[in-house]
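The values are calculated or read from the model by the stated rules, or taken from the named source; none is laboratory data. Fair warning: this is a prediction, and the values are worked out from it, not measured in the lab. Ideal geometry is used to build each Cβ from the backbone, glycine not excepted, and the neighbour counts take in all protein chains shown. Quick note on the areas: whole protein, heavy atoms, side chains included, nothing else; ligands and nucleic acids left out. Shrake-Rupley method; radii C 1.70, N 1.55, O 1.52, S 1.80 Å.
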Amino acid sequence: MNEKINRLIVDLYRGSREIAYATFQEWALEQLRGAVAFDAAWWGRGANKPLMIHQVHLHRCAQTLVEDYAPWIEVDFFRDAVCASPGVTISTSSLRSRSELEASDIYRAFGAKHRIEWSLGTVLVEPVSSLNEFITVWRKDISRPFSEADRTTKELLMPHLVEAYRNCRLL
């Protein structure tokens, strides 16, 4: 494992004991930005049945994002793909070509408004409650798609981000 990633994982667990719960997600996303460059993110908890978002932390994005997303939740092809493969990080570029993405209603009405050009999303399902925890990061620069290395790095770090946050919440 890359020494930088190993150090980041250790820092997440240390941070879960030292960083205040109210600021942990913001701090952890900044740590993640050191491994996978991104412009904005959201980290939340929700359910698939009934389909809803219970809690969300917005990172470097407009506070209207959740409200603007609400009409699209049930027809979001990206969310569907991410939820269909828990633990696997999905890239928008693996689901649709750039021209197909730009022609989609969700991109034109939501993605373009929030400058969501390239996304990486991962969901983990909590086995006892069946609630899911998700983190999606995105880039606003159309000329900078995520690489496969970015995708695999985020996939590797996702369970550590979630578990460190759980530890912080419990402490």
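Among the candidates 62, 41, the residue that is small (Gly, Ala, Ser) and either out of contact with any helix residue (DSSP H, G or I) (no Cβ under 8 Å at 6 or more places or on another chain) or surrounded by fewer than 15 Cβ atoms within 10 Å (Cβ to Cβ) (or both) is uniquely 62.
The residues of the range 91-113 that are under 14 Å from residue 81 (Cβ atoms) and of a type outside the set (Asp, Glu), listed by number, are 91, 92, 93, 94, 95, 96, 101, 104, 106.
Which residue is farthest from residue 170 (Cα to Cα), if the candidates are limited to the range 5-47 and must be in contact with a Cys (Cβ under 7 Å, 6 or more places away or on another chain) and either among the small types (Gly, Ala, Ser) or assigned to a helix (DSSP H, G or I) (or both)? For the range 5-47, the residue satisfying everything is 40.
Checked against (1) part of a helix (DSSP H, G or I); (2) more than 23 Å from residue 113 (Cβ to Cβ); (3) open to solvent by 40 Å² or more (accessible area, probe 1.4 Å), residue 86 passes all but a single condition, namely (1). On inspection, residue 155 qualifies as surrounded by fewer than 19 Cβ atoms within 10 Å (Cβ to Cβ), within 15 Å of the chain's Cα centre (by Cα), under 21 Å from residue 48 (Cα atoms) and not β-branched (Val, Ile, Thr).
Considering 68, 11, the condition of being out of contact with any strand residue (DSSP E or B) (no Cβ under 7 Å at 6 or more places or on another chain), surrounded by fewer than 16 Cβ atoms within 10 Å (Cβ to Cβ) and either at pLDDT 95 or above or of a type in the set (Asp, Glu) (or both) is satisfied by 68 alone.
Taking (1) in contact with a Lys or Arg (Cβ under 9 Å, 6 or more places away or on another chain); (2) open to solvent by 20 Å² or more (accessible area, probe 1.4 Å); (3) modelled with pLDDT of 95 or more in turn, residue 130 satisfies each apart from (3).
Results for (1) assigned to a loop (DSSP other than H, G, I, E, B); (2) out of contact with any strand residue (DSSP E or B) (no Cβ under 9 Å at 6 or more places or on another chain); (3) closer than 25 Å to residue 34 by Cβ, shown as yes or no for each residue.
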{"residue": "110", "(1), (2), (3)": "no, yes, no"}
{"residue": "114", "(1), (2), (3)": "yes, no, yes"}
{"residue": "124", "(1), (2), (3)": "no, no, yes"}
{"residue": "129", "(1), (2), (3)": "yes, no, no"}
{"residue": "133", "(1), (2), (3)": "no, no, yes"}
{"residue": "141", "(1), (2), (3)": "yes, no, yes"}
{"residue": "144", "(1), (2), (3)": "yes, no, yes"}
{"residue": "153", "(1), (2), (3)": "no, yes, yes"}
